[in-house]
Amino acid sequence: MNSFAQQDVLAACEFYGDQLAVTAPLDGVKVMIAIAAVESGGGDVKFIGNDCGPRHEPAYEANGAAWAQKAMAPLLAVYPPIGAPPQSPAACSYGPWQMMFCNFVSATPAELESNLDLCARNFLRFFNAYVIGSQKAKTLADIGEVWNMGHKGPDPAYVAKLQIAYDAA
């Protein structure tokens with residue numbers, strides 16, 4: 001398990017959060033903090049950055065449910081499965097926001113375990129392009145559903161955790 005210091009994650013959220021393309025009344029800094037709290041802090045802002053993965057997602061391995069639609073084959077060729085049971089570093093999520101490796105640009109798994117700024121910049125880019133741009137998420141609930149499932153749809157447990165973390169941010 002990898003971690004980043006709480007104060008460093010909060011500072012990255014403060015620096016990049018204002019650039020999130022969220023609409024009022026949402027606050028981009030609070031959205032970024034809330035996602036990191038749920039994904040790497042067990043839902044608690046006080047533990048943000050504690051569990052930054054890598055977190056293996058079997059659906060992203062060869063022949064997994066997300067494998068074909070995420071164009072994973074080239075990444076799995078570069079980062080083949082290792083260990084027992086065999087797991088590819090490309091089939092993992094990384095950083096305080098637990099973003100899937102296939103959504104990063106110009107990064108290696110090792111860099112994502114040590115470079116918080118690289119994680120934050122990629123989160124900002126992907127969030128604005130996919131969550132807001134492609135999926136048209138407008139509300140905190142929409143954002144939570146898209147972040148956790150890749151699309152809008154009912155995800156009450158995740159959305160509830162995200163709302164609690166947002167309110168605490």
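A few comments on the model shown:
- Folded to 0 to 90 degrees: helix 156-168 orientation relative to the chain principal axis, Cα: 50
- Principal-axis analysis of the Cα atoms of the chain puts helix 6-17 at an angle of about 80° to the longest axis.
- Its Cα centre serving as origin, the range 32-85 has a Cβ charge dipole (Lys and Arg +1, Asp and Glu -1) of approximately 80 debye.
- Each of Ala165, Gly144, Trp67 was scored by the projection of its Cα onto the charge dipole of the chain, and the greatest displacement toward the positive side belongs to Trp67; charges sit on the C-beta of Lys, Arg, Asp and Glu.
- Approximate spin-label separation Gln7-Lys46, in nm, with each point projected 7 Å along Cα-to-Cβ: 1.8
- For the range 44-101, a Kirkwood hydrodynamic radius built from all Cα pairs, placed in the Stokes-Einstein relation at 10 °C and 1.306 mPa s, yields a translational diffusion coefficient of 134 µm²/s.
- Degrees, to the nearest 10: 140-149 long Cα axis against longest axis of the chain: 10
- Calculated mean residue ellipticity at 222 nm for the chain: -12500 deg cm²/dmol, from DSSP H runs with n ≥ 4 weighted as -39500 (n - 2.57), summed, divided by the residue count and rounded to 500.
- Taking a straight line from the alpha carbon of Lys138, these aspartates and glutamates sit under 14 Å away, with near neighbours fewer than eight places off in the same chain left out: Asp27.
- DSSP-assigned coil residues among chymotrypsin sites (Phe, Trp or Tyr not before Pro) in the range 22-76, each with at most 12 further Cβ atoms within 10 Å: none
None of the figures in this text is laboratory data; all of them are computed from the coordinates on show. Just so it is clear, the structure is predicted and the values come from calculations on it, not from any experiment. Counting neighbours? That spans all protein chains shown, and the Cβs are built from the backbone with ideal geometry, glycine included.
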